[in-house]
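Colleague: Pasting a structure below so you can have a look.
Throughout, read-outs are computed from the coordinates displayed, never taken from laboratory work. In this text the structure is predicted, and so the values were computed from the model without any measurement. Neighbour counts are summed over all protein chains in view; Cβ atoms, including those assigned to glycine, are modelled from backbone coordinates with ideal geometry.
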Amino acid sequence: MIPPVLPTYNRAPLHFTHGEGSWLIEEDGRRFLDLGAGIAVNALGHAHPDLVAALTEQGSKLWHLSNLYEIPQQEELARRLVDATFADTAFFTNSGTEAMELAVKMARKYWYEKGQPDKVEIIAFDGAFHGRSSAAIAAVPTEKMAKGFGPLLPGFKQAKWGDWDALAEMVSDTTAAIIIEPVQGEGGIRPLPDADLKALRKLCDDKGCLLILDEVQCGVGRTGHLFAHEYAGITPDIMMVAKGIGGGFPLGAVLATEEAASGMVAGSHGSTYGGNPLGCAVGNAVLKKIADPAFLEEVRRKAGLFRQKLEGLVADNPEVFEEVRGLGLMLGLKCKIPCADVVKAGYAQELLTVPAADDVVRLLPPLTIADEEIAEAMDRLDRAAKAALSETKAG
């Protein structure tokens, strides 16, 4: 018999009742150190007082209006994002998947309005993850994501990550945009080198197509800058944002230059819930904290400490780990044994991590994690690694 909740998730048998900063408390009282942060969502940890205050204050006034009317909280958040980034304008969604849908529509509409209606093709990369909508799975049609959901939407091509010569040959007169994650998350924590991102920006300029960056997972301070592409010193035409921007409240956005967004006029896109007063009040509270240069400097410091300790962990567990990957507090441990075994062993150590492709354990802690919590994480990771290895050998 099918359960009341559609069984599309393989859930761990854990029942958390509340959270405090970097910790989640199980109903039996156990305290789990959370290195997943809801898959890079709870950027300021659990129950951050500033977010609780913003949510409570706004919740007592007004939750929802629809976009039939002016929404001051939405305008404030848009201004914060425009002032802090390359963008001239923002559209608010409820998720990264919705942001993907708009990014594709925006790129195609741009060329349509420029008198090039055949310029519709979007090039994505193997190992990428842009959501689970029809457009997103057409962009990266892995068997896991796309099997059984055909026919897939046309207008997408897939390039090999890192093969830039082949990519250049793929770009044609019908290419509207190239979309890429500056750091692949689901794909196994693969950062794109700065030189490659610069070359990609130049390729788009030379070939006459738009550059879309998916910073849903790697954005909003996760890498130590507000957005990961800042390391390379380039700017995209369109960027997808979600996860950390709401600090746990469902919120996403598409940021764009005035030129790239020029085709999106009244009636060309919309959202019932996107940019509602409640979500934007929380988003403003998040950005007030994370966009502060001093906060980001502290993220970079903690990221250096975390990585240094992880390198020691890898050296101490050579049969389990191969290398450390990542940027900022978006880190991964490449495993020599199934990464799921390490994640599962972590539960017994009251530690939460996230699996990814290529047998990588993702470490995506709250950006507010304390030094002593990083040290505690290493102890728990070490015990989990040794337990997982012992189980592997016994099996």
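Colleague: Within the range 188-219, name every residue whose backbone N is under 11 Å away from a label modeled 7 Å from Cα of residue 113 along the Cβ vector.
Modeller: It comes to no residues whatsoever.
Colleague: Would any residue of the range 349-367 have its amide N under 13 Å from a label point 7 Å out along Cα→Cβ of residue 392? List them or say none.
Modeller: In the range 349-367, the label zone of residue 392 (backbone N under 13 Å from the point 7 Å along Cα→Cβ) covers 359-361.
Colleague: Contour minus end-to-end for residue 198 and residue 1, with contour as 0.36 nm per residue of separation and end-to-end as the Cα-Cα distance?
Modeller: Additional length available on full extension: 65.6 nm.
Colleague: If you don't mind, another one. Hey, for a label at residue 347 modelled as a point 7 Å past Cα toward Cβ, could you say which residues of the range 6-25 have their backbone N under 13 Å away?
Modeller: Backbone N within reach: 10-16.
Colleague: Now for a separate question. Have a look at 278, 294, 374 and report the one farthest towards the positive end of the charge dipole of the chain, computed about the Cα centre with Cβ charges (Lys/Arg +1, Asp/Glu -1).
Modeller: Ranked along the dipole, the leading option is 278.
Colleague: Further, regarding this structure: Give me the number: length gained by fully extending residue 17 to residue 265, i.e. 0.36 nm times residue separation minus the C-alpha to C-alpha distance, one decimal in nm.
Modeller: Between residue 17 and residue 265, full extension yields an extra 84.9 nm.
Colleague: Additional query: Hey, can you rank 49-59, 90-100, 316-326 by average C-beta count inside 10 Å, highest first?
Modeller: Top to bottom by mean Cβ count within 10 Å: 90-100, 316-326, 49-59.
Colleague: Continuing with this model, one more query. Leaving out same-chain residues fewer than 8 places away, which lysines sit with a Cα under 23 Å from that of residue 309?
Modeller: Those lysines meeting the cut-off are 334, 336, 344, 386.
Colleague: Moving on. Between residue 147 and residue 69, what's the calculated FRET efficiency when r is the beta-carbon distance and R0 is 41 Å? Round to 0.05.
Modeller: The value I calculate is 0.45.
Colleague: Excluding same-chain residues fewer than 8 positions from residue 114, which lysines have a Cα within less than 18 Å of its Cα?
Modeller: Reachable lysines: 105, 207.
Colleague: Nearest 10 degrees, 0 to 90: what angle lies between the long axis of helix 49-59 and the longest principal axis of the chain (Cα atoms)?
Modeller: 50 degrees
Colleague: Helix 72-84 sits at what angle to the longest principal axis of the chain, using alpha carbons and giving 0 to 90 degrees rounded to 10?
Modeller: Computed tilt is about 90 degrees.
Colleague: Follow-up. What does the highest-first list of 3-12, 337-346, 28-37 look like by mean Cβ count within 10 Å?
Modeller: Packing order, densest peptide first, comes out as 337-346, 28-37, 3-12.
Colleague: Sort 42-48, 286-292, 308-314 for me by packing, meaning the mean count of neighbouring Cβ atoms within 10 Å per residue, highest on top.
Modeller: Per-residue mean Cβ counts within 10 Å order the peptides as 42-48, 286-292, 308-314.
Colleague: Using helices alone, what [θ] at 222 nm do you get for the chain, with -39,500 (n - 2.57) per DSSP H run of 4 or more residues, divided over all residues and rounded to the nearest 500?
Modeller: -12000 deg cm²/dmol
Colleague: Can you spot the aspartates and glutamates whose alpha carbon is less than 13 Å from residue 157's alpha carbon? Ignore those fewer than 8 places along the same chain.
Modeller: Excluding near neighbours in sequence, the set is 121, 126, 169.
Colleague: Work out how much length residue 10 to residue 173 would gain on full extension: take 0.36 nm times their residue separation and subtract the Cα-Cα distance, in nm to one decimal.
Modeller: Length difference between fully extended and current span is 54.4 nm.
Colleague: Now for a separate question. Cα convex hull of the chain: how many Å³ per residue?
Modeller: Measuring per residue, one finds 161 Å³ for the Cα hull of the chain.
Colleague: Here is a follow-up. Do you know the relative contact order of the range 50-290, to the nearest whole percent, from alpha carbon pairs under 8 angstrom that are 6+ apart?
Modeller: Taking the mean separation of contacting Cα pairs over the length of the range 50-290, I get 32 percent.
Colleague: Next question, about the same structure. In degrees between 0 and 90, to the nearest 10, how far off the longest principal axis of the chain does helix 339-348 point, with axes built from Cα atoms?
Modeller: For 339-348 against the chain, the angle is about 50 degrees.
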